[in-house]
Amino acid sequence: MDLLSLVGIATKRRGDYFSQAKALAKKARTYEKLETMMEQEAKVLVNALRLKQIKWAEYERSLLDKALISALAGVYLGAKSAKPEEKLEKAWPKVVGDMLPPLHDFLNETKKSIDDGDIRIGDETSDFAENPKSWLGVLSRVIRYIANPAYSFFNLGQYYVQQEQGFKQMRRVAKLDKRTCPDCINYAQQGWQPIGSLPMPGQECRCYDHCRCYIDYR
Ligand SMILES: [Zn+2]
Ligand SMILES: [Zn+2]
């Protein structure tokens, strides 16, 4: 599917996505739980494709839906009780703009791997680990699209609220474990900056969706 078709489908389903994101956020209650739930869904989805329980078109549609709903649920959780529905509206262009282009490329790559026979549909190895070069790789990427971004979008929801409440400055706090990347260390070293001038965790840094920096506001 080309990128414009993906955007077209997403635009048509916007209202649906908003209500599903709201339901998902209420079920998950925290972004950590949201991430865990989506990791589980990633496994179910990739397995369904691998074991021929679903066709490619359904896989593609499902991945698109889950990626967008999960990101929106992150925003919803970040906004807490500060008019979260409004925050979904506000975040929508960014959710679509950030998620769809890489998702589109990833879907095409996976389709090519299947067509080239690098990964086999109907591969019944019971464990992903038995076939690490292929389905495991697909799964870990799917997790990166439907589970991990929840954190960055949770921060975005929080950011909208802080901005509304009149906070003027933000600072990035890096976790400073060995996975923290040089970009994140640099952002943290900049200290307090005008609100809106530092990127959300997971954006403009090398650790992308694995970034677990957080933001303080004042
Ligand atoms: Zn980083
Ligand atoms: Zn980080």
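The values are calculated or read from the model by the stated rules, or taken from the named source; none is laboratory data. A quick note: this is a predicted structure, and the numbers were derived from the prediction, not measured. When we count neighbours, we look across all protein chains shown, and the Cβ atoms used for this are built from the backbone with ideal geometry, even at glycine.
When you look at Ile146, is it closer than 22 Å to Glu39 by Cα and either surrounded by fewer than 18 Cβ atoms within 10 Å (Cβ to Cβ) or within 16 Å of ligand 1 (Cβ to nearest atom) (or both), yes or no?
The answer is no for Ile146.
Residue by residue through region 162-176, note down the ones that are touching a Lys or Arg at 6+ places or on another chain (Cβ under 7 Å) and at pLDDT 95 or above.
Scanning region 162-176 gives Phe167, Gln169.
Evaluate region 171-188: report whether one residue or more is surrounded by fewer than 21 Cβ atoms within 10 Å (Cβ to Cβ) and in contact with a Gly (Cβ under 6 Å, 6 or more places away or on another chain).
Yes, because at least one residue in region 171-188 is surrounded by fewer than 21 Cβ atoms within 10 Å (Cβ to Cβ) and in contact with a Gly (Cβ under 6 Å, 6 or more places away or on another chain).
Of everything in region 186-218 that's within 23 Å of Glu32 (Cα to Cα) and of a type in the set (Ser, Thr, Tyr), which residue is farthest from ligand 2 (Cβ to nearest atom)?
Here the residue is Tyr217.
Take region 45-64 and flag every residue that is over 15 Å from the mean Cα position of the chain (by Cα), surrounded by 13 or more Cβ atoms within 10 Å (Cβ to Cβ) and part of a helix (DSSP H, G or I).
Across region 45-64, the qualifying residues are Leu45, Val46, Asn47, Ala48, Leu49, Arg50, Trp56, Glu58, Tyr59, Glu60, Arg61.
So which residues in region 189-208 are under 27 Å from Val142 (Cα atoms) and either basic (Lys, Arg) or surrounded by 19 or more Cβ atoms within 10 Å (Cβ to Cβ) (or both)?
Met200, Pro201, Gly202, Cys205, Arg206
Take region 65-112 and flag every residue that is more than 18 Å from Met200 (Cβ to Cβ) and surrounded by 17 or more Cβ atoms within 10 Å (Cβ to Cβ).
Residues satisfying the conditions are Asp65, Lys66, Ile69, Leu103, His104, Phe106, Leu107, Thr110.
Filter region 195-218 down to residues that are modelled with pLDDT of 95 or more and charged (D, E, K, R) and give me whichever is nearest to the chain's Cα centre (by Cα).
Filtering first and then ranking leaves Asp216.
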